[in-house]
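Student: First, the structure itself, so that you have it in front of you.
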Amino acid sequence: MLASFFRAAADSEAMKIRAHVVYEGRVQGVFFRVNAKKCADALGVSGWIRNTPEGNVEAIYEGDEEKVRQAVELCAEKQPFAKVRSKTVDYSSANGEFREFSIRY
């Protein structure tokens, strides 16, 4: 019981960050957003993802720094049908505005 208390305290002290990402390449029409949501949900990351009119995919990830960085990389590298040519990432402090990860339309 005491161990779970300290683990929870350590988790709450983890640095929270926000990543604004634009993925370019073959990223629309290949289940990119659905797979990104599965990844974010599995990692416990909140935010959103959407297609852009330019043919890219834009995402906001918020959560523990390590988990957010994992989500950014996994979504670029482990998409079964997508081919990410490049990604632009801007990191900042999380502001806690999201309760879950969602797909925006």
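The values are calculated or read from the model by the stated rules, or taken from the named source; none is laboratory data. Please read these numbers as outputs of a predicted model, since none were measured by experiment. Glycine also receives a Cβ, built like all others from the backbone with ideal geometry; neighbour counts cover every protein chain displayed.
Student: In segment 57-78, what residues are in contact with a Phe, Trp or Tyr (Cβ under 6 Å, 6 or more places away or on another chain) and either without any contact (Cβ under 8 Å) to a residue 24 or more places away in the chain or more than 20 Å from Ala14 (Cα to Cα) (or both)?
Tutor: Selection gives Val57 alone.
Student: Determine whether Ala59 is modelled with pLDDT of 95 or more, within 15 Å of Ala94 (Cβ to Cβ) and surrounded by 16 or more Cβ atoms within 10 Å (Cβ to Cβ).
Tutor: Yes, satisfied.
Student: I'd like the residue in segment 93-103 that is in a loop (DSSP other than H, G, I, E, B) and in contact with a Gly (Cβ under 8 Å, 6 or more places away or on another chain) and, out of all such residues, is nearest to Met15 (Cα to Cα).
Tutor: Ala94
Student: Take Val34 and decide whether it is outside any strand (DSSP E or B) and surrounded by 19 or more Cβ atoms within 10 Å (Cβ to Cβ).
Tutor: On the way: outside any strand (DSSP E or B): yes; surrounded by 19 or more Cβ atoms within 10 Å (Cβ to Cβ): no.
It is false that Val34 is outside any strand (DSSP E or B) and surrounded by 19 or more Cβ atoms within 10 Å (Cβ to Cβ).
Student: Could you figure out which of (1) out of contact with any Asp or Glu (no Cβ under 7 Å at 6 or more places or on another chain); (2) surrounded by 17 or more Cβ atoms within 10 Å (Cβ to Cβ); (3) modelled with pLDDT of 95 or more isn't true of Gln79?
Tutor: All conditions are met except number (3).
Student: If you don't mind, another one. Considering only segment 37-56, state which residues are under 18 Å from Ala94 (Cα atoms) and assigned to a loop (DSSP other than H, G, I, E, B).
Tutor: Start the filter on segment 37-56 by keeping residues that are under 18 Å from Ala94 (Cα atoms), which leaves 40-41, 43-49.
Within segment 37-56, Gly44, Val45 qualify.
Student: Can you say whether Asp90 is within 20 Å of Met15 (Cβ to Cβ) and loosely packed, with under 12 Cβ neighbours inside 10 Å, as far as the supplied structure shows? Give the derivation first.
Tutor: On the way: within 20 Å of Met15 (Cβ to Cβ): yes; loosely packed, with under 12 Cβ neighbours inside 10 Å: yes.
For Asp90, the condition - within 20 Å of Met15 (Cβ to Cβ) and loosely packed, with under 12 Cβ neighbours inside 10 Å - is met.
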